[in-house]
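Heads up, the thing below is written out as structure tokens.
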Amino acid sequence: MRATRSRGAAIALTGVLAVSLSACGGGGDSSASGPVDLKMALWSSNEDHLALLQEIGDAYTAEHGDEVASITFEPVTNPDYIAGLTTQIAGGDVPDLAWIPEASGPEFVDAGILHDVRDTLEGVDGYDLDDILPAALEPWQDDDGGVYAYPFSNSPFALYVNQDLLAAAGQPDVTTLVGTPEYTWATITDVAAATNGATGAAGLNVPTFTTTNWSAVTMLGNAWGAAPWSEDGATCEFASPEMVDYLTWYQDQIARGAIPAVSGNAAPAAFASGDVAFSVAQLSQSGSLDDSFEWSFLPLPAGPDGYHPIVGQAGVSVLERSEHQEQAAGFLAYLTNPANAELLSQFFPPPRASLLNVETLSQAAPKLTPEEIQTAIIDVVPEAQVKPQHPVLSQFTDKVRAGLDPVWAGGDVETAVTGICEQISPTLEG
């Protein structure tokens, strides 16, 4: 389990403001008489997401109207979700519950911003906390066993394949390689480069990658045995031989056209455009695809260090400064119980072992075949690593971004990553 820093230490969140435990303070009087109004902040403004959440919220108030009068789900409108949320918290407009991305999870936990809900979840009949995959729950715990979020979305990264583009370029059907020693990043990028050369289409992209969202690319280095920092977060590993090898390989793929060149902070072309051969993305991307071209959904390939699956997460938490902690925790337990977790799975891959089956996940991904669900989700999620996290990530992420800029431009990798470690090591060691 992650080592936990001092609760009194101030942290910087996305460079917007500093939040300390004293600023977060304690919650309000949860024992106040009469039903309360709860508010949950969330990243998504998707109408279907909001409708389902409201349906669950209305069902809860119908059953618990003596405790909770209403539940409102409010998307944060700031384009930078975490900046918007932390600004609300610092300004006193504190939601009772909030959607927390995995990258910010450790920072929020260690800062004391999130409320421990373990006792509440364990106290609800039929909740079955042990059903939640340990790897999914680990980032949301501390060394004392506290639980600070339910990882409601536990979505694996996968490889989307445009079969029509590969066929047009005279390339093989890579789906037949899954499960064989030939299903590697080397093979995929060979096909990507050939497809780019024959058709002019993008070979392999990572649609969430921008120079500010550098972890969308560096996370793939785990297939080389590379990590940005040590497991305890105290040592910079950007300059490790494994990371140098991975980033050098990535540069080589850009040079030969297998991967598009990095263009400022612009996101790569969308796979749904039909002009991308391969795309590394999560399950949610399948919702934007139609039958205008034939595509497949495959597990990530293996690298020199073997096969290393990756998941991205989002948690839902009760905030420590909520004036209604007890009622908010009660709703969190209801929102994430086995029955409602199954409802949520139509949009968000669940962390519950009991729900990792083709029947349930077909709701989340109706466009995938049962075989794709099995090989790229069910077989992947239990052992997958969560994207790299760090409890003070916001304090050094801009330094990493600046340090990696020369890499994307074709500069010397070893010089760049050595400079990154020189820049961020004092923060990691602190």
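The values are calculated or read from the model by the stated rules, or taken from the named source; none is laboratory data. Note that the structure is predicted; figures quoted are calculated from it, not measured. Neighbour counts run over all protein chains shown; Cβ positions are idealised from the backbone, glycine included. Remember, those area values only see protein heavy atoms, side chains included, never the ligands or the DNA or RNA. Shrake-Rupley method; radii C 1.70, N 1.55, O 1.52, S 1.80 Å.
Observations on the structure shown:
- Tilt relative to the chain, helix 81-91 - C-alpha long axis, 0 to 90 degrees, to 10: 30
- Cut-off under 5 Å, modelled amide H: who pairs with VAL147 long-range: VAL117, ARG118
- Solvent exposure of the chain as accessible area per residue, Å², 1.4 Å probe: 39
- The fraction of accessible area contributed by carbon and sulfur in the chain is 49 percent, rounded to a whole number (1.4 Å probe; ligands and nucleic acids excluded).
- Helix-only CD estimate at 222 nm, as mean residue ellipticity for the chain, using -39500 (n - 2.57) per DSSP H run (n ≥ 4): -10000 deg cm²/dmol
- Segment 273-379: C-alpha gyration tensor shape, a/c 1.5 cut-off, then a/b vs b/c: prolate
- With the cut-off at under 15 Å, measuring from each backbone N in segment 141-172 to a point 7 Å along the Cα-to-Cβ line of ASP275 picks out 165.
- Highest-MSF residue in the chain out of VAL191, VAL178, VAL380 [GNM, Cα springs under 10 Å]: VAL178
- Protection proxy ranking of 338-348, 309-319, 159-169, by the mean of other Cβ atoms within 10 Å over each peptide's residues and highest first, is 309-319, 159-169, 338-348.
- Of (1) 70, 49, 34; (2) 66, 49, 43; (3) 84, 51, 39, the label for Cα extents along the principal axes in Å derived from the coordinates: (1)
- Across segment 132-145, coupling constants 3J(HN,Hα) worked out from phi with the 6.51/-1.76/1.60 Karplus curve, θ = phi - 60°, read 6, 4, x, 5, 6, 7, 3, x, 10, 10, 10, 5, 8, x Hz, and Gly and Pro carry x.
- Simple label model, 7 Å out from Cα along Cβ direction - ALA186 to THR72, nm: 5.8
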